[in-house]
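Rule-based calculations on the coordinates, nothing more; no lab input. This structure is a prediction, so every number in the text was calculated from the model and none was measured. Virtual Cβ from ideal backbone geometry, glycine too; neighbours counted across all protein chains shown.
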Amino acid sequence: DLSNLSAQLPAHAAGSSIRYPHFINGRYVESVSGKSFENYSPIDGALLGKVSEGGKSEVDAAVAAARAALNGPWGSMSLNRRVELLNAVADEINRRFDDFLAAEVADTGKPASLASHIDIPRGAANFKIFADTIKNTPTETFEMVTPDGGDALNYAVRVPRGVIAVVCPWNLPLLLMTWKVGPALACGNAVVVKPSEETPATATLLGEVMNKVGIPPGVYNVVHGLGPNSAGEFLTSHPDVNAVTFTGETRTGTAIMKAAANGVRPVSFELGGKNAGIVFADADFDAAVDGISRAAFANCGQVCLGTERVYVERPIFDKFVAALKTKAESLKPGRPEDKETGIGPLISHEHRSKVLSYYERARADGATVVTGGGIPNMSTDLSGGSWIQPTIWVGLSEDSAVIREEIFGPCCHIAPFDTEEEVIARANDTPYGLCTTVWTSNLSRAHRIAKRIDVGLCWINSWFLRDLRTAFGGSKQSGIGREGGVHSLEFYTDLRNVCVKL
Ligand code: NAD
């Protein structure tokens, strides 16, 4: 067993050689094949460690362990005990806050100030909130009159779906993983998690927490690996998996949906976006600039809810562009632990190449680069990292790939608009439909827009303001289904109707 992985995960672990094993049936194990891949720091390009690459045998073992847990102590555990254990998981994450923070920051390079406010506390809260939800959500009953004039009573009970495959991205690793694992376990399922190959640490560390608080072996499993022809594909096509929940790119969702079609397994998908930000001239100007700045640049633009298309009403267009430029230029890149650091690196060199290709494309399509557009000058010790400049463009036409495709970097295009009708049409002109952020002081207009914009989440005078009881998910190609609050129960349980003739 690997005891205390966290001790090996300093915020900056250059030159170390950590092993990230799988966590199967309550134990840390290496791949039978001995295969592994390398994990690099986005901060300076240093080798962080080697991650075991799971194959079919690891996926088989994890799914079998999950099934055994369902047939064993986990399946027969009372709801009250399950709820107690999940609250203990949250408490233990909070007790080991610094370990989780160090692990998340090492993998992602994001500022510690951000991860300590969002990633880790939300990672813990996701266990508490769904423990509360499952405990406090009633099911339905219907009395009926039977054809012979008697009575019958229908009532519904929630039963777990079984073994859930949880496939995760790298942008908010612990938060997005527990957003699924929390409700899945609260509902009594067992899970096999496939973390992103870029961010193996916090999912691995969570195994220690599960063991410490007494979650039975096999309830929470982690198999590392890549997507196609690796752990991701083997897990999502495994015949003994009962449902697949996935957050990531729309293209990957298409592949997973095909895999899940064999055996007609249900899917819950949180996918890509190309979200519009809309600012009217009557908006609280400073609040709008601040909100759009966060939506465009937070987490180095690697937030599915982020805004890469901004529409600003013409009278304030020039002033807004200038103010957002000032904001972008105030974001200082630097080490995660430095208090002044305002922006971290992108997740990898590979992702930076993709983002830079859009920076090139913007120039080729005739954009005016308001700020940024390239790689910042970093000190020698950080020059091996995947740093990138926050970037603002104006002047592109709506058919540019920069405006149509998800870039997932710290960048946005700002365009002027003249009427409400026009801006709604432009905002909706996309195959995606995840979210929008609208800034106006006209209450009627705000509600009108909320009604007509094709998204799962519409923020008015705010962005990323989340009440975990509300429905979360995307329309159109941004997802399938809703999670959050009672909506998660819909996916992670089957509703069984019991009809009793009285
Ligand atoms: P990705 O789709 O490349 O990878 C996500 C996960 O899927 C990884 O664990 C990967 O190994 C796995 N995977 C890849 N191919 C697979 C296959 N064929 N079968 C099974 N698994 C496979 O996404 P990413 O680059 O890690 O994350 C960024 C994307 O995630 C962006 O598009 C972003 O918008 C989206 N995202 C959406 C939300 C949301 O809530 N809607 C939240 C965060 C991120």
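Look at the dipole of the chain built from charges on Cβ: of 21, 97, 61, the Cα furthest out on the positive end belongs to 61.
For the set 180/327; 50/354; 110/451; 56/274; 110/194, the pairs lying more than 28 angstrom apart at their alpha carbons are 180/327; 110/451; 56/274.
Do you know the relative contact order of region 228-360, to the nearest whole percent, from alpha carbon pairs under 8 angstrom that are 6+ apart? Normalised by residue count, the contact order of region 228-360 is 18 percent. Overall, the ratio between the Cα radius of gyration of the chain and 2.2 N^0.38 Å, rounded to two decimals, is 1.01. Helices of the chain meeting both criteria, an alpha-carbon length of 30 angstrom or more along the long axis and an average Kyte-Doolittle score not below 1.6, with helices taken as full DSSP H segments, do not occur. Look at the alpha carbon pairs under 8 Å that are at least 6 residues apart: their mean separation over the length of region 67-167 gives a relative contact order of 26 percent.
For region 451-502, the dipole from Cβ point charges (+1 on Lys and Arg, -1 on Asp and Glu) about the Cα centre works out to 160 debye, to the nearest 20. For region 320-395, chymotrypsin sites (Phe, Trp or Tyr not before Pro) meeting the loop criterion (DSSP other than H, G, I, E, B) and having at most 12 other Cβ atoms within 10 Å: none. For region 128-242, the normalised intensity computed at q = 0.17 Å⁻¹ comes to -0.86 (log10 of I(q)/I(0), Debye sum over alpha carbons, equal scatterers, no solvent).
For the chain, averaging the sequence separation of C-alpha pairs within contact (under 8 Å, six or more residues apart) and dividing by the residue count gives a relative contact order of 18 percent. The GluC sites (Glu not before Pro) of region 77-172 that DSSP puts in a loop, and whose beta carbon has at most 13 other beta carbons within 10 Å, are 140. Computed from the alpha carbon atoms alone, the convex hull of region 60-187 holds 153 Å³ per residue. Among 183-192, 73-82, sorting by the average number of other beta carbon atoms lying within 10 angstrom of each residue, highest first, gives 183-192, 73-82.
Report the net charge of residues surrounding residue 403, where surrounding means a beta-carbon distance below 13 angstrom and charges are Lys +1, Arg +1, Asp -1, Glu -1.
Cβ neighbours under 13 Å give a net charge of -2.
Note on region 13-80: with charges restricted to the Cβ of Lys and Arg (+1) and Asp and Glu (-1), its dipole about the Cα centre is near 200 debye.
Sorting check: for 43-55, 331-343, which peptide has the highest mean count of neighbouring beta carbons within 10 Å, and how do the rest follow? It would help to have the intermediate numbers written out before the result.
Working: 43-55: 21.8, 331-343: 17.3.
Peptide ranking by packing, descending: 43-55, 331-343.
Of the residues 286, 454, the one with the fewest other Cβ atoms within 10 Å heads the list, and the complete ranking is 286, 454.
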